[in-house]
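The values are calculated or read from the model by the stated rules, or taken from the named source; none is laboratory data. Quantities reported herein were computed from a predicted structural model and do not represent experimental measurements. Virtual Cβ from ideal backbone geometry, glycine too; neighbours counted across all protein chains shown.
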Amino acid sequence: MFSPASPTYKKEQKAPRGKHLPANAIQKMACHPPMSVPNQTPIQRKIGFELEGQWNVRDLNPDHVSQEFLEEEFTKNTQARESKIDDYIASNPHLHKMGATAARGMAELTLMQKNEIHEAPLRGANLAKKDPIFFGRDFILEADNSPSGGSNIEFVTSPLDTKSEVDRTAKEIQKIVAEMNRYRAKDHLDLNDRFFQQLNVEGHVPASRHFRLYPLQGELSLQPQFTCGFKLHELFKVIQYLNKNEGKSSHPTPRKLVSAATGEGTDPLQDLQRSHEGATKFIRMDIDTTDSMDSSMLVPDIEWAFPQLRNLHELLNFGFQESDSDQVDFSFKLFGKGASSSMIEQQALIALVSLIVTYLIRAENLPENANAKAIAGGLLCRTNFAHNFTLLSPAYQERFIAHPSSFAELCLKAAGMEGQEEKPLYPHNVRYMKGEEAVFAPIRLTRGKWLESIVGGTDLLNHQFEEAIHPSLGALGDQDGIERSASASEHLLVAEFRRIQATIFEPEIVKTLLGYFNFYEKIRKK
């Protein structure tokens with residue numbers, strides 16, 4: 001997932017297999033990737049966290065950029081921005097009926113939504129994404145790209161292995177956020193020696209004494225997400241529960257597998273429901289701490305729901321029964337008379353196809369000029385799908401490799417897109433940044449070519465094949481970042497859980513991160 005926090009800290013960026021192949025590689029491919037064999041050897045698995053903040057950060061270091069240049073840029077950008085707002089008000093008579101302040105606010109909001117202007121200019125130079133601000137023992141505060149231009153801040157932890165590591169790291173981050181919040185009513189906060197001395201936390205090293213934070217909208221709020229590795233049948237447990245919809249589903253509630261995921265006699269995953277407004281879903285998780293609440297709430301994006309999973313069950317003639325002996329083995333439906341597979345192998349296939357189906361459905365419904373990364377919704381695969389395919393059982397891999405079109409047909413049927421292999425994966429143009437410039441362009445990849453490329457060993461949904469594809473999609477390639485012994489051959493799907501909770505504030509940091517860690521531990525239980 002991530003390398004440990006250090007002065008050379010950076011997320012692992014490995015190219016996927018087949019990196020030298022052209023975009024039409026799927027037609028030219030003469031061989032297939034080796035089939036992986038599931039291995040039950042226990043290995044070490046970790047979880048990494050990101051906490052994205054809304055405060056701005058700028059670099060005022062005179063060694064990096066002259067102060068005169070910064071002032072010139074500040075004045076020029078301010079004038080250009082104000083001029084665009086003035087022009088918009090002048091050309092839209094309906095705004096003239098409002099007061100001057102309201103009209104200006106409406107014009108500013110509209111232009112920002114159209115990406116025609118960015119945030120109001122601030123003194124200092126923007127930082128590049130991932131530029132370090134300061135280092136902690138197992139985390140780093142670094143720059144992130146603001147959705148509306150400029151640079152924001154985010155905390156990124158190293159991969160953490162134990163509950164005690166999560167607790168210690170979360171407490172250190174919480175302490176820093178509390179100190180930052182003392183300045184929330186100020187115009188800005190300079191990160192100098194005095195600030196770091198006030199922290200009184202061992203191991204923190206400032207990357208520069210000339211960074212300036214601008215508290216945007218007062219108290220620092222954080223949007224959490226976490227990255228971890230799963231076996232496919234473990235991901236099935238997550239997907240399965242997210243699709244639970246008591247009273248409306250045509251199949252029984254899968255309580256047996258939920259219990260297996262959470263431990264005998266316990267159910268940390270409480271009922272997953274929509275609110276009355278239809279705006280939220282939640283999972284409540286028990287956590288075992290003495291200095292925080294005894295439960296933590298995750299509020300995922302409603303897009304998490306994998307709405308087409310039921311279609312897949314019907315397609316495969318697979319039902320959720322209360323005992324394993326009642327499960328219908330759907331291998332014969334895929335592979336013919338005499339074929340069979342284990343429950344775990346079936347769950348793995350369902351998990352992989354369900355995840356692909358979610359990408360297909362989200363891509364179809366993205367608006368014009370959306371970010372290509374939005375195809376992933378609440379669960380973004382960091383390993384690419386060619387790697388994820390090798391996590392299926394050898395029998396499934398062998399069948400689909402022999403008949404690549406059958407895998408594409410299966411996924412498209414499950415998505416309700418039967419016969420749509422030639423349709424583009426992204427029906428509309430997407431928006432991406434080329435330097436400082438926003439570019440709008442189509443992604444030419446079709447649904448069928450993408451799905452067949454997965455079986456062929458080269459996931460074409462990758463930035464190296466089309467510039468408009470977001471580099472975060474499948475960025476780890478086939479590298480799952482797992483430390484394993486020479487005898488261990490187990491591999492994982494690495495995924496980033498995104499938008500699982502809108503925002504949290506300083507008092508909630510420790511219990512939230514512990515709740516996520518507890519969730520991961522429970523899902524991994526046999």
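Among residues of the stretch 222-236 that are within 29 Å of residue 177 (Cβ to Cβ), those with a beta-carbon under 6 Å from a residue that is modelled with pLDDT under 90 and basic (Lys, Arg) at least six positions away or on a different chain give the pairs 225/498; 229/45. Pairing each residue of the stretch 334-353 that is part of a helix (DSSP H, G or I) with any residue that is of a type in the set (Phe, Trp, Tyr) and at pLDDT below 80, provided the two are 6+ apart or on different chains, yields C-beta distances under 7 Å for 346/318; 346/330. When residue 416 is tested against (1) closer than 17 Å to residue 359 by Cα; (2) within 23 Å of the chain's Cα centre (by Cα); (3) in a loop (DSSP other than H, G, I, E, B), only condition (2) is not met.
Determine, yes or no, whether residue 452 is exposed (fewer than 15 other Cβ atoms within 10 Å of the Cβ), acidic (Asp, Glu) and in a helix (DSSP H, G or I). Answer is no for this residue.
Only one of the numbered conditions (1) more than 16 Å from residue 359 (Cβ to Cβ); (2) surrounded by 24 or more Cβ atoms within 10 Å (Cβ to Cβ) is violated by residue 402, and that is (2). Kindly provide the set of residues from the stretch 362-391 that are assigned to a loop (DSSP other than H, G, I, E, B) and aliphatic (A, V, I, L, M), ordered by number. Passing the criteria: 366, 391.
Matching residues to (1) surrounded by fewer than 23 Cβ atoms within 10 Å (Cβ to Cβ); (2) part of a strand (DSSP E or B); (3) free of Cβ contacts under 8 Å to residues at least 60 places away in the same chain:
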| residue | (1), (2), (3) |
| --- | --- |
| 155 | no, yes, no |
| 170 | no, no, no |
| 174 | yes, no, no |
| 185 | yes, no, yes |
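Residue 440 passes every criterion in (1) closer than 17 Å to residue 388 by Cα; (2) among the hydrophobic types (A, V, I, L, M, F, W, C); (3) at pLDDT 90 or above; (4) in contact with a strand residue (DSSP E or B) (Cβ under 8 Å, 6 or more places away or on another chain) apart from (1). Here is a check on your reading of the model: is residue 455 at pLDDT 90 or above and among the hydrophobic types (A, V, I, L, M, F, W, C)? In short, yes. Checking each residue in the stretch 138-171 for being touching a His at 6+ places or on another chain (Cβ under 8 Å) and over 23 Å from residue 61 (Cα atoms) picks out only 148.
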